[in-house]
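Engineer: There's a structure below that I have some questions on.
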Amino acid sequence: MEVRLAECAGFCFGVKRAVDTVYEQLKTGKTIYTYGPIVHNEEVVKELEEKGVKVIHDFSELKDLIQSEQSAAVIIRAHGVPRAVYEQIEKCGMECVDATCPFVKRIHNIVEKESREGKHILVVGNPGHPEVEGIVGWCQGPVTVLETPEDVLAYEPLPDEKLCIVSQTTYNYNKFQYIVEIFRKKGYNDSVVNTICSATEERQLSAQRLAKEADVMIVIGGKHSSNTRKLYEICSRECANTYFIQTLDDLHLELPKAFRLVGITAGASTPNKLIEEVQNYVRINF
C-alpha cells in the first residue's frame, strides 16, 4: 500500500513565523502571553503552555495581568486581532509583539483604507472566526460578514453604496470565486480583492488532486482550524473514505487489502512531527 503526502501540507509561512516569534520571546526570560491561542492547533498550544506561555482571551484578563506582571510581553496571534486590542495593550503600557500573519495584516490595511474612503466592507468568511473578528475590528465604517453563497444572494446594499469585498485568508477558493460571480451578475458597484493567501489555495488544490486518486484520505489538524475543516470538506467530496484527526490517537483505520493508496494532508497549523508520526504509523501497520 502506497502512502503519499500532499505536495503542500503542514505549517504555512504565517504560522511558522508566529510560533518562531513565541520561542524567540521565551529566550528573553520575560513572562510570555499570547492574545488568544497563537495558532489553531491544540498540540502546538499545549507544548507552548508547558514552556510557560499563557493565553489571554479578553480585555479583562489583560487588565488583571497588568496589575500583577511587571516584566511581560503580549504576543498578537497569527490570526490577528481588532485594532482596539493594540490600543488597550498600549494604554496599559505593556510590550506588544505583533505575530499577525503578513497576509492577514494586508487585509487589515485594505479594509482600514477602503472603509475610511466611505466604502461598505463585505468580508467573506466565518463571522465567529478570530481572523474575521480581527478584520472587522479594523473597519472604520459599515461592515458585513457573508459566510455562504446564500448570504450573498440575500444581501441587498443601499442604493449607490460602494462596496469593497475581501475574504478570510483560509476561505474555500472556488466558493469565493462563485460568490464574486454572484456579485458581478447583480451589477453592484464594488471592488473585489482576493485575499485568500496563496498557501491556502495551493494546499486546497494539492489535497484535491491527491484525494481524487486515493482510496483513503487522512486530514490532520486542530478541531478549531478553519483551513483544516476546508481541507476535510474538499477531500470528502473526492474520496468517500476521508478521516479528520488531531493526533495519531484519533486514527482508527481498518483498510481492506484492495486499497492501494492512502493520501495524507494537513492544515496550516499542523507541526511536521505530527505529520511524520501519522505517515510512519500507516506505513508500518498497513
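The values are calculated or read from the model by the stated rules, or taken from the named source; none is laboratory data. Quick caveat: nothing in here was measured; it's all calculated off a predicted structure. Quick reminder, even Gly has a Cβ in these numbers, built from the backbone with ideal geometry, and neighbours come from all protein chains shown.
Engineer: Of these, VAL55, VAL39, which one is touching a strand residue (DSSP E or B) at 6+ places or on another chain (Cβ under 6 Å) and either surrounded by fewer than 21 Cβ atoms within 10 Å (Cβ to Cβ) or within 29 Å of LYS113 (Cβ to Cβ) (or both)? Show your work before the answer.
Structural biologist: Working: VAL39 fails: touching a strand residue (DSSP E or B) at 6+ places or on another chain (Cβ under 6 Å).
VAL55 is the lone residue from the list that is touching a strand residue (DSSP E or B) at 6+ places or on another chain (Cβ under 6 Å) and either surrounded by fewer than 21 Cβ atoms within 10 Å (Cβ to Cβ) or within 29 Å of LYS113 (Cβ to Cβ) (or both).
Engineer: Of all residues in the range 206-225, which are surrounded by 16 or more Cβ atoms within 10 Å (Cβ to Cβ) and among the acidic types (Asp, Glu)?
Structural biologist: Scanning the range 206-225 gives a single hit, ASP215.
Engineer: Consider HIS57 against the criteria (1) over 21 Å from ALA199 (Cα atoms); (2) at pLDDT 90 or above: it satisfies all of them except one. Which criterion is unmet?
Structural biologist: (2)
Engineer: Of the residues PHE244, PHE176, PHE183, which single one is assigned by TED's automatic domain parsing to the domain that holds ASN109 and within 21 Å of the chain's Cα centre (by Cα)? Show your work before the answer.
Structural biologist: On the way: PHE244 fails: assigned by TED's automatic domain parsing to the domain that holds ASN109; PHE183 fails: within 21 Å of the chain's Cα centre (by Cα).
Selected residue: PHE176, the only one of PHE244, PHE176, PHE183 that is assigned by TED's automatic domain parsing to the domain that holds ASN109 and within 21 Å of the chain's Cα centre (by Cα).
Engineer: List the pairs whose first member sits in the range 1-17 and is farther than 18 Å from LEU48 by Cβ, whose second member is among the basic types (Lys, Arg) and surrounded by fewer than 23 Cβ atoms within 10 Å (Cβ to Cβ), and whose Cβ atoms are under 9 Å apart, counting only residues at least 6 apart or on separate chains?
Structural biologist: Here the result reads MET1/LYS257; MET1/ARG260; MET1/ARG283; GLU2/ARG260; VAL3/ARG283; ALA6/ARG209; GLU7/ARG209, each pair linking the range 1-17 to a residue that is among the basic types (Lys, Arg) and surrounded by fewer than 23 Cβ atoms within 10 Å (Cβ to Cβ).
Engineer: Next question. Answer yes or no: is there a residue in the range 250-267 that is out of contact with any Lys or Arg (no Cβ under 9 Å at 6 or more places or on another chain) and either crowded, with 18+ Cβ neighbours inside 10 Å or under 30 Å from VAL111 (Cα atoms) (or both). Write out each step before concluding.
Structural biologist: At the first step, the residues of the range 250-267 found to be out of contact with any Lys or Arg (no Cβ under 9 Å at 6 or more places or on another chain) are 250-260.
From what's left, either crowded, with 18+ Cβ neighbours inside 10 Å or under 30 Å from VAL111 (Cα atoms) (or both): none.
Looking for residues that are out of contact with any Lys or Arg (no Cβ under 9 Å at 6 or more places or on another chain) and either crowded, with 18+ Cβ neighbours inside 10 Å or under 30 Å from VAL111 (Cα atoms) (or both), one finds none in the range 250-267, hence no.
Engineer: For the range 1-105, which helices (runs of 4 or more DSSP H) that fit wholly inside it have 3 or more residues that are closer than 23 Å to GLY125 by Cα?
Structural biologist: On the way: elements: 13-26, 42-50, 59-68, 83-91.
Helices (runs of 4 or more DSSP H) meeting the threshold: 13-26, 83-91.
Engineer: If you check every pair at least six apart or on different chains, which have Cβ atoms under 6 Å apart with a residue in the range 255-274 that is in contact (Cβ under 8 Å) with a residue 40 or more places away in the chain first and a residue that is hydroxyl-bearing (Ser, Thr, Tyr) second?
Structural biologist: Pairs that qualify, where the first residue is in contact (Cβ under 8 Å) with a residue 40 or more places away in the chain and the partner is hydroxyl-bearing (Ser, Thr, Tyr), are GLY267/SER225; GLY267/THR228; SER269/SER225.
Engineer: Only residues that are farther than 21 Å from CYS101 by Cα and in contact (Cβ under 8 Å) with a residue 24 or more places away in the chain: list them for the range 116-139, please. Even if it seems obvious, please write down each step before you answer.
Structural biologist: Here is the first cut: in the range 116-139, the residues farther than 21 Å from CYS101 by Cα are 116-120.
Passing the criteria: ARG116, GLY118, LYS119, HIS120.
Engineer: From ARG229, ARG237, which residue is without any contact (Cβ under 8 Å) to a residue 40 or more places away in the chain and within 22 Å of PHE13 (Cβ to Cβ)? Spell out the reasoning first.
Structural biologist: On the way: ARG237 fails: within 22 Å of PHE13 (Cβ to Cβ).
Checking each option against the conditions leaves just ARG229.
Engineer: Could I ask something else about it? Got at least one residue in the range 40-49 being among the basic types (Lys, Arg) and without any contact (Cβ under 8 Å) to a residue 12 or more places away in the chain? Don't jump to the end; show me each part of the working.
Structural biologist: The initial filter retains those residues of the range 40-49 that are among the basic types (Lys, Arg), namely 46.
Filter once more, so that each one left must be without any contact (Cβ under 8 Å) to a residue 12 or more places away in the chain: 46.
Looking for residues that are among the basic types (Lys, Arg) and without any contact (Cβ under 8 Å) to a residue 12 or more places away in the chain, one finds at least one in the range 40-49, hence yes.
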